């Protein structure tokens, strides 16, 4: 009988499977890590075959599960699902999950041929049922865990992008609010060509509208494609930064000095990301520099690179102040 053949040759079959696994690339799990794989399945197969020789053969379904792919709870299904999860955690692919059980089927067939062991048709049917259910449950759990992991990573990326978006949106609103407060303090006698109105206009039109347009464009684009870098004037870029943050410097009561920039210099980068990063850096400098000191902004060429530096007099940040940098 097959269960006697499997019991008598259990160690030999496991060793044959181990050798088959060893010949496949990128497979280096230990026996302990794969304890829910071939050895446990083989024991469950032997038990299933033994029960089918008793007066209540249908009790074997509690071990093997039913045939035909019907969903049900079984010992083989539970351990196979754990095996599939283990293989995912070890970095294996779904085809390696299937091969694990295929190795045992091949090992049984080869050894039976070598020993000229006769098996009954019903025993082969039981073997196939156990293999089918084990593979199905292992692959199902493997796929579920893999998809869950991918969904979690995607959610983290979406949250990160949302955080950047909200942060930039807050900066734009702060600039607009400061410009409006400056205008209100002057009883709204605004010079519509002046710096205050320019900041307000840029915040509302070039800021809010651009954030919304860029967000819509990103949604429409296929995932994974990054926006190509822009080539733009460094002097114009620094001028826009100066205009954008001057009100913030004034609100914090610190002097803000911008050195002149060579008009011949150009920079190749993602303009919006660079603008946002430099703006945030300057805002933190205004927030943490010592009272009565100044913040300076310099931009110049070093060989083939552009160096943009911000200097303040904060003397370094404490652990508590670091947490306030994004506030």
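The values are calculated or read from the model by the stated rules, or taken from the named source; none is laboratory data. No experiment lies behind these values; they were computed from the predicted model shown. As a convention, Cβ positions derive from the backbone with ideal geometry for all residues, glycine included, and neighbour counts pool all protein chains shown.
See the values below:
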{"item": "Check on residue 162, surrounded by fewer than 21 Cβ atoms within 10 Å (Cβ to Cβ), in a helix (DSSP H, G or I), out of contact with any strand residue (DSSP E or B) (no Cβ under 8 Å at 6 or more places or on another chain) and at pLDDT 70 or above", "result": "no"}
{"item": "Given (1) at pLDDT 60 or above; (2) not in a helix (DSSP H, G or I), index of the condition residue 226 fails", "result": "(1)"}
{"item": "Flag if residue 104 is surrounded by 21 or more Cβ atoms within 10 Å (Cβ to Cβ), farther than 28 Å from residue 54 by Cβ and in contact with a helix residue (DSSP H, G or I) (Cβ under 6 Å, 6 or more places away or on another chain)", "result": "no"}
{"item": "Subset tally (residues that are surrounded by fewer than 18 Cβ atoms within 10 Å (Cβ to Cβ), over 34 Å from the mean Cα position of the chain (by Cα) and outside any strand (DSSP E or B)) for region 280-303", "result": "5"}
{"item": "Failed item, numbered, when residue 273 is tested on (1) more than 22 Å from residue 175 (Cβ to Cβ); (2) free of Cβ contacts under 8 Å to residues at least 12 places away in the same chain", "result": "(1)"}
{"item": "Residue, farthest from the chain's Cα centre (by Cα), within region 304-327, restricted to residues that are modelled with pLDDT of 85 or more and over 19 Å from residue 265 (Cα atoms)", "result": "313"}
{"item": "Meets criteria (under 33 Å from the mean Cα position of the chain (by Cα) and either in a helix (DSSP H, G or I) or over 20 Å from residue 178 (Cα atoms) (or both)) for residue 277", "result": "yes"}
{"item": "Residue selected from region 229-243 under the condition within 29 Å of residue 178 (Cβ to Cβ) and outside any helix (DSSP H, G or I), by the criterion modelled with the lowest pLDDT", "result": "230"}
{"item": "Qualifying position, being modelled with pLDDT of 85 or more, under 18 Å from residue 3 (Cβ atoms) and surrounded by 13 or more Cβ atoms within 10 Å (Cβ to Cβ), among 48, 54", "result": "48"}
{"item": "Residue in region 137-144 that is in the same structural domain as residue 59 (by TED's automatic domain parsing), modelled with pLDDT of 85 or more, assigned to a helix (DSSP H, G or I) and out of contact with any helix residue (DSSP H, G or I) (no Cβ under 6 Å at 6 or more places or on another chain) present", "result": "no"}
{"item": "Matching option when the condition is surrounded by 14 or more Cβ atoms within 10 Å (Cβ to Cβ) and either touching a strand residue (DSSP E or B) at 6+ places or on another chain (Cβ under 7 Å) or at pLDDT 95 or above (or both), among 275, 256", "result": "256"}
{"item": "Subset of region 116-132 [surrounded by 12 or more Cβ atoms within 10 Å (Cβ to Cβ) and assigned to a helix (DSSP H, G or I)]", "result": "122, 123, 124, 125, 126, 127, 128, 129, 130, 131, 132"}
